[in-house]
Amino acid sequence: MKTVIEMKNIKKNYIVGEVVVKALSGINLGISEGEFVAIMGASGSGKSTLMNIIGCLDVPTDGDYILDKINIKDLSKNDYADIRNQKIGFIFQVFNLLPRTTALENVELPLFYDRTGRIQEPKKKAISSLNRVGLGDRLNHMPNQLSGGERQRVAIARALVNEPSILLADEPTGNIDSVTSVDIMSVFQELNNQGITIVLVTHELDIAQYAKRIILLRDGNLIQEKAVKNRANAKEDLIKLRNHRENFHLGSITL
């Protein structure tokens, strides 16, 4: 299996006043093509710092990060921007959609910054990306006309439009209810089944159970990594949750 993310002794220090804060203390990590990995840890464990380095939003203080056979420390600032645009799709807790543009226009936006010319028909590609997440009938809807789950699906479609090697999702279910969270995880599982590598940061163990492997951080150290046994199936769970909600509402009706 091809390794797409390889980290060797990754360290990250921040200077706060006169104090050196060690956010990451020598992380060694490999992620293969087609994996679905959840990164967990308490606040201050280093998971956001690790995600920022994986996503080329930050650089390590020391160590080697090899992304799809490219050593990141050899890149210029322009190369950094290009690799973010071409190889990585970002999904955040806050949807970051432009409020006065349609779902289609929001998804098209990253293609305007693609200097490679890989995508010849941006609009067609954006429509395909929205169809891929089940929003082909919402192309011309504004964000305020969409539910929270639909807005997150638009964000996922936008992350997919450049055909990235890796999807990075930072607490993508943090702003939505439990049923919608499982719905979004069903989208991730389907995309992963199609071969997309996904790295998910979450503090929710029930959400992490939809991944294939869990990585646990504590105080900047990788303390545990394990395969998910009895992995949850989001589509099946979604059906159960919706049936439960429907039965609950019916049971609440008084005549």
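The values are calculated or read from the model by the stated rules, or taken from the named source; none is laboratory data. Since the model is a prediction, treat every value here as computed from it, not as a measurement. Methodologically, a virtual Cβ is constructed for each residue, glycine included, from the backbone with ideal geometry; neighbour enumeration extends over all protein chains shown.
List pairs: first in the range 221-236 and closer than 21 Å to N193 by Cα, second of a type in the set (A, V, I, L, M) and surrounded by 14 or more Cβ atoms within 10 Å (Cβ to Cβ), Cβ under 7 Å, 6+ apart or cross-chain?
K226/I214; V228/A211; V228/I214; A234/V182; A234/M185
Of the residues that sit in the range 73-95 and are modelled with pLDDT of 90 or more and among the hydrophobic types (A, V, I, L, M, F, W, C), which one is nearest to L135 (Cα to Cα)?
I91
Looking only at the range 126-172, count how many residues are closer than 21 Å to L200 by Cβ, in a loop (DSSP other than H, G, I, E, B) and either acidic (D, E) or in contact with a strand residue (DSSP E or B) (Cβ under 9 Å, 6 or more places away or on another chain) (or both).
Final tally of qualifying residues: 7.
Is it the case that G134 is at positive phi, modelled with pLDDT under 90 and not hydroxyl-bearing (S, T, Y)?
Values: at positive phi: yes; modelled with pLDDT under 90: no; not hydroxyl-bearing (S, T, Y): yes.
When the stated conditions are applied, G134 does not pass them.
Do we have L139 as surrounded by fewer than 23 Cβ atoms within 10 Å (Cβ to Cβ), over 22 Å from I88 (Cα atoms) and more than 11 Å from the chain's Cα centre (by Cα) here?
On the way: surrounded by fewer than 23 Cβ atoms within 10 Å (Cβ to Cβ): yes; over 22 Å from I88 (Cα atoms): yes; more than 11 Å from the chain's Cα centre (by Cα): yes.
Judged against the criteria, L139 is a match.
To keep it simple, each residue is scored yes or no on (1) closer than 29 Å to M40 by Cα; (2) free of Cβ contacts under 8 Å to residues at least 40 places away in the same chain.
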{"residue": "V107", "(1), (2)": "yes, no"}
{"residue": "Y113", "(1), (2)": "no, yes"}
{"residue": "Q120", "(1), (2)": "no, yes"}
{"residue": "K123", "(1), (2)": "no, yes"}
{"residue": "Q152", "(1), (2)": "yes, no"}
{"residue": "A155", "(1), (2)": "yes, no"}
{"residue": "S181", "(1), (2)": "yes, yes"}
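Being at pLDDT 95 or above, farther than 19 Å from Q86 by Cβ and not acidic (D, E) is true for just one of Q145, Q152. Which residue is that? Quick ask: steps written out before the conclusion?
Numbers: Q152 fails: at pLDDT 95 or above.
Step by step, each of Q145, Q152 is checked, and only Q145 is at pLDDT 95 or above, farther than 19 Å from Q86 by Cβ and not acidic (D, E).
What is the one condition in (1) more than 30 Å from Q189 (Cβ to Cβ); (2) in contact (Cβ under 8 Å) with a residue 40 or more places away in the chain that K77 does not satisfy?
Result: K77 passes all but (2).
Would you mind telling me which numbered condition in (1) in contact with a helix residue (DSSP H, G or I) (Cβ under 7 Å, 6 or more places away or on another chain); (2) of a type outside the set (A, V, I, L, M, F, W, C); (3) closer than 23 Å to N193 by Cα E6 fails?
Tallying (1) in contact with a helix residue (DSSP H, G or I) (Cβ under 7 Å, 6 or more places away or on another chain); (2) of a type outside the set (A, V, I, L, M, F, W, C); (3) closer than 23 Å to N193 by Cα, E6 fails exactly one: (1).
Identify, please: which residue in the range 157-176 is over 8 Å from the mean Cα position of the chain (by Cα) and hydrophobic (A, V, I, L, M, F, W, C) and is, among those, farthest from F90 (Cα to Cα)?
Per the criteria, the residue is I176.
Is it true that some residue in the range 182-205 is in contact with a Pro (Cβ under 9 Å, 6 or more places away or on another chain), hydroxyl-bearing (S, T, Y), in a loop (DSSP other than H, G, I, E, B) and closer than 25 Å to N52 by Cα?
For the range 182-205, residues in contact with a Pro (Cβ under 9 Å, 6 or more places away or on another chain), hydroxyl-bearing (S, T, Y), in a loop (DSSP other than H, G, I, E, B) and closer than 25 Å to N52 by Cα: present.
I'm trying to understand the selection: among the residues of the range 22-48, which are without any contact (Cβ under 8 Å) to a residue 40 or more places away in the chain and either surrounded by 22 or more Cβ atoms within 10 Å (Cβ to Cβ) or in contact with a Gly (Cβ under 9 Å, 6 or more places away or on another chain) (or both)?
none
Select, from L67, L98, L50, the only residue that is touching a Leu at 6+ places or on another chain (Cβ under 9 Å) and at pLDDT below 95. Let's see the steps before the verdict.
On the way: L67 fails: touching a Leu at 6+ places or on another chain (Cβ under 9 Å); L50 fails: at pLDDT below 95.
Exactly one of L67, L98, L50 is touching a Leu at 6+ places or on another chain (Cβ under 9 Å) and at pLDDT below 95, namely L98.
Among the listed residues L222, L217, L200, which satisfies the condition of being touching a helix residue (DSSP H, G or I) at 6+ places or on another chain (Cβ under 6 Å), aliphatic (A, V, I, L, M) and buried (at least 18 other Cβ atoms within 10 Å of the Cβ)?
Details: L222 fails: touching a helix residue (DSSP H, G or I) at 6+ places or on another chain (Cβ under 6 Å); L200 fails: touching a helix residue (DSSP H, G or I) at 6+ places or on another chain (Cβ under 6 Å).
Result of the check over L222, L217, L200: L217.
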